[in-house]
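The values are calculated or read from the model by the stated rules, or taken from the named source; none is laboratory data. Predicted, not measured: the structure shown is a model, and the values here were computed from it. Using ideal geometry, Cβ is built from the backbone for each residue, glycine included, and neighbour counts are taken over all protein chains shown. Calculation scope for accessible area: heavy atoms of the full protein, side chains included, ligands and nucleic acids excluded. Shrake-Rupley method; radii C 1.70, N 1.55, O 1.52, S 1.80 Å.
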Amino acid sequence: AQRAWLATLPARLEPLPGVVMVHGRPDSDLDYLLDTVDAADPAGVRQATPEEVRARCAGIDAELLVCGHSHHPRVMQLPGGALVVNAGSVGLQAYDDDHRALHWIRNGSPHARYALCERSARGRWSVALIAVDYDWHAAAQQAQRNGAPDWALWLRTGWAQPGQ
């Protein structure tokens with residue numbers, strides 16, 4: 001039932017004029033907006049440049065563009081363009097992935113993450129990236145019981161390492 005409900009959701013949401021929300025990039029749920037898979041980086045992924053992000057947002061007219069997918073909380077102001085926000089992840093602060101190339105996402109702590117975006121009276125956006133304590137040990141124990149020791153480590157530490 002949950003998967004059927006998820007399938008009904010739009011790939012792009014515009015909850016307010018000038019605000020666009022996507023999962024990954026405006027053109028892809030599977031690719032990152034604020035990160036670039038790069039085999040030259042020790043983690044296999046690096047922060048995207050403003051030029052890369054601007055190209056990935058071509059055709060999007062927004063003051064605030066909210067994305068996710070990489071689980072990396074980050075804010076980037078595009079020169080002359082949108083404020084781009086990745087809120088991070090409530091539930092998984094590290095993982096490995098082989099989409100495009102093998103890479104590791106790691107936030108360095110197991111805290112749940114989200115963002116608060118507020119428009120000021122002047123019409124400009126402010127963003128607070130929030131990290132919240134929760135019982136990540138219980139979440140890790142559940143992952144271990146479900147046969148996912150890699151997830152258990154990621155949930156407990158916020159770290160993913162090559163060779164795990």
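Observations, loosely collected:
- Among the residues making up the range 92-104, those that are open to solvent by 10 Å² or more (accessible area, probe 1.4 Å) and over 11 Å from the mean Cα position of the chain (by Cα) are Tyr95, Asp96, Asp97, Asp98, His99, Arg100, Ala101, Leu102, Trp104.
- 1 or more residues open to solvent by less than 40 Å² (accessible area, probe 1.4 Å) and modelled with pLDDT of 95 or more: qualifying strands (runs of 3 or more DSSP E) within the range 1-79: 19-22, 35-37, 45-47, 64-67, 74-77
- Count of the range 105-122 residues which are in a strand (DSSP E or B), among the aliphatic types (A, V, I, L, M) and more than 13 Å from the chain's Cα centre (by Cα): 1
- Looking across Ala152, Ala131, Ala160, one residue alone is buried (at least 18 other Cβ atoms within 10 Å of the Cβ) and under 14 Å from Ser89 (Cβ atoms). It is Ala160.
- Among residues of the range 37-48 that are within 13 Å of Ser70 (Cα to Cα) and free of Cβ contacts under 8 Å to residues at least 12 places away in the same chain, those with a beta-carbon under 6 Å from a residue that is open to solvent by 10 Å² or more (accessible area, probe 1.4 Å) and assigned to a loop (DSSP other than H, G, I, E, B) at least six positions away or on a different chain give the pairs Arg46/Asp38.
- As a summary of the residue check, Leu116 satisfies the conditions (1) over 18 Å from Pro26 (Cα atoms); (2) surrounded by 13 or more Cβ atoms within 10 Å (Cβ to Cβ) except for the one numbered (2).
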